[in-house]
Amino acid sequence: MELVNMMEEVANHFLEDVWAKEKMCKCYKCRFDVLAKTLNVLKPRYLVTDRGKAFSRADFLETQNNVDVLTALSAAIRIVKENPHH
């Protein structure tokens, strides 16, 4: 068993698609800054079991959850793009 923030997994998943299309620095520092800023505005969804992960993933098939994650990612990307920390 392990403790997992499902929101982090979902944000990482969406970031893969969004990141490739952005014209900005692609270093690990900028990537982690984007993820940190994204996760700081989203409500965490901690899970312990694999079964729980499966049920929670089903929640993210809903349009509103996808919109929330993508909105947070877009805002974080804009901030990091305009103010890189390196």
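The values are calculated or read from the model by the stated rules, or taken from the named source; none is laboratory data. Computed from a predicted structure; not experimentally measured. Quick reminder, even Gly has a Cβ in these numbers, built from the backbone with ideal geometry, and neighbours come from all protein chains shown. Protein only, heavy atoms only, side chains kept; ligands, DNA and RNA dropped before computing areas. Shrake-Rupley method; radii C 1.70, N 1.55, O 1.52, S 1.80 Å.
Values as computed for the structure displayed
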quantity	calculated
Solvent exposure, largest accessible area first (probe 1.4 Å, DNA, RNA and ligands not counted), of Asp68, Asp50, Asp33, Asp17	Asp50, Asp17, Asp68, Asp33
Local net charge near Cys30, Cβ-Cβ under 11 Å (Lys/Arg +1, Asp/Glu -1)	+3
Kirkwood-Stokes translational diffusion coefficient of the chain, alpha-carbon pairs, 25 °C, 0.890 mPa s, µm²/s	182
Net length gained if the chain between Val48 and Ala75 were fully extended (0.36 nm per residue, minus Cα distance)	6.8 nm
From phi via Karplus (6.51, -1.76, 1.60), per-residue ³J(HN,Hα) for region 63-74 in Hz, x at Gly/Pro	4, 4, 5, 5, 4, 4, 5, 5, 5, 5, 4, 4
Electrostatic dipole magnitude of the chain [Cβ: Lys, Arg +1; Asp, Glu -1; Cα centre; debye, to 20]	260
Solvent-accessible area of Phe32 with every protein chain in place, 1.4 Å probe, in Å² to the nearest 10	130
Nitroxide proxy distance, nm - points 7 Å out along Cα→Cβ at Arg31 and Asn83	2.3
Value at 222 nm in deg cm²/dmol, rounded to 500, when DSSP H runs of n ≥ 4 in the chain each add -39,500 (n - 2.57)	-23000 deg cm²/dmol
